[in-house]
Amino acid sequence: MSQRAALLIGKLTHTQKEWQECAKVTSKLHEYKDGNREDFISKCKSGEFDNVFALYRSNDSNPITGDFNAELVDQLPKSLKFICHNGAGYNNIDVAACTKRGIQVSSTPIAVDDATADVAIWLMLGALRNIKQSFMAVNAGKWRGNFALGHDPKNKTLGILGMGGIGSAVAHRAKAFGMKIQYHNRNRLPESKEAGAKYVSFEELLRTSDVLSLNLALNPSTTHIIGKDQFAQMKDGVVIVNTARGPLIDEAALVDALKSGKVWTVGLDVFEEEPKIHPGLLEAENAVLLPHVGTATFETQRDMELLVLDNLKSAIQHEKLLTQVPEQKKDKANI
């Protein structure tokens, strides 16, 4: 264990003290707080990070190193066995390339569930009440402006695509508003975890949901899982909420669906080409938009950083991750 160093890429906001305490279980703490991809790869090649056994990839590190794709993974120190990523989503890490190199990867589920679900409900209610028109009008000094009636959530069917931790938290909150819950995963959950939600096929979810909430991971098989053909299967006037990842939805098709009325309103915290947003969404009075702030609370950000550190220490001391990504587990997660 004495030769097991740790590397932090990016910066910590809430747990600098706890990071320094990791020195008790490592031979050295390396930090790469700023720089660029070329410089980082150069330092890896030069041997500066030799003996790094576990790596902390902070949630602001992508602008520094770029994606952990196969090219970069191949340049990481040969001693590296664990990547501890801060984020529930990890589509900017090539897990297959890591696995091929014998590197295990963790993310931060659980810690993000409540904050993200809160934002999903906020967006859902805003979309159901068609809040953007009135919000924009009153802030422009036009009182109600192009006012239109909204809808109650009560007795509406909420379809959840991806009933993991966040999806389950959304379902729990939605029940308080009197909504009927149905969901689709690749595999049905045990009845004890369904909490009364109805399991349906993907096609039935699209066809029968009044509100559709996307709560699944982004990967090659889920990119554009909602597009022109899927919108055609939905109810006229459906409400869409996405707090997961932007590329799950074909934004051009979404804009067309909003214009046609197939989608009545939409609530989005994520976008296909962040920070760029499709002009059609910015112009739409029936699109409630947030700039990817689902986990943006003091409490959640600290909990995420702590979970990464817990994974890091467990990796160094026990060669085991607490929240390893599903792709690397024998028992695959549902979504």
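The values are calculated or read from the model by the stated rules, or taken from the named source; none is laboratory data. Please read these numbers as outputs of a predicted model, since none were measured by experiment. Neighbour counts are summed over all protein chains in view; Cβ atoms, including those assigned to glycine, are modelled from backbone coordinates with ideal geometry. To get the accessible areas, we keep the full protein, side chains included, count just its heavy atoms, and leave off ligands, DNA and RNA. Shrake-Rupley method; radii C 1.70, N 1.55, O 1.52, S 1.80 Å.
A simple packing score, the average count of other Cβ atoms within 10 Å per residue, orders the peptides 53-64, 184-195, 226-237 as 53-64, 226-237, 184-195, with the highest score first.
Projecting the Cα atoms of VAL270, ALA174, GLY150 onto the charge dipole of the chain (Cβ charges, centred on the Cα centre) puts ALA174 farthest toward the positive pole. From the coordinates of this entry, semi-axes √(5λ) of the Cα gyration tensor in Å is computed, and it appears in (i) 33, 23, 18; (ii) 27, 24, 21; (iii) 39, 21, 18 under the label (iii). Ranked by the mean number of other Cβ atoms within 10 Å of their residues, highest first, the peptides 16-22, 311-317 come out as 311-317, 16-22. Ordering of 30-41, 106-117, 75-86 by packing is 106-117, 75-86, 30-41, highest average first (other Cβ atoms within 10 Å, averaged per residue). Each of THR223 and GLU31 was given a label point 7 Å from its Cα along the Cα-to-Cβ line. The distance between the two points is 3.6 nm. Among the aspartates and glutamates, which have Cα under 17 Å from the Cα of LYS142 when same-chain residues fewer than 8 positions away are ignored? Excluding near neighbours in sequence, the set is GLU285. Note on LYS154: aspartates and glutamates with a C-alpha under 14 Å away, same-chain residues under 8 apart excluded, are ASP210.
For segment 1-145, the share of accessible area belonging to carbon and sulfur comes to 50 percent (1.4 Å probe, ligands and nucleic acids excluded). With K and R counted +1 and D and E -1, the other residues having a Cβ less than 13 Å from that of ARG173 yield a net charge of -2.
Residues considered: LYS262, LYS154, LYS276. Largest GNM mean-square fluctuation over the chain, using C-alpha springs under 10 Å, is found at LYS276. The calculated 222 nm mean residue ellipticity attributable to helices in the chain amounts to -10000 deg cm²/dmol, summing -39500 (n - 2.57) over DSSP H runs of n ≥ 4 and dividing by all residues. Over all other residues within a Cβ to Cβ distance under 12 Å of VAL138, the charged ones net out to +3, with Lys and Arg as +1 and Asp and Glu as -1.
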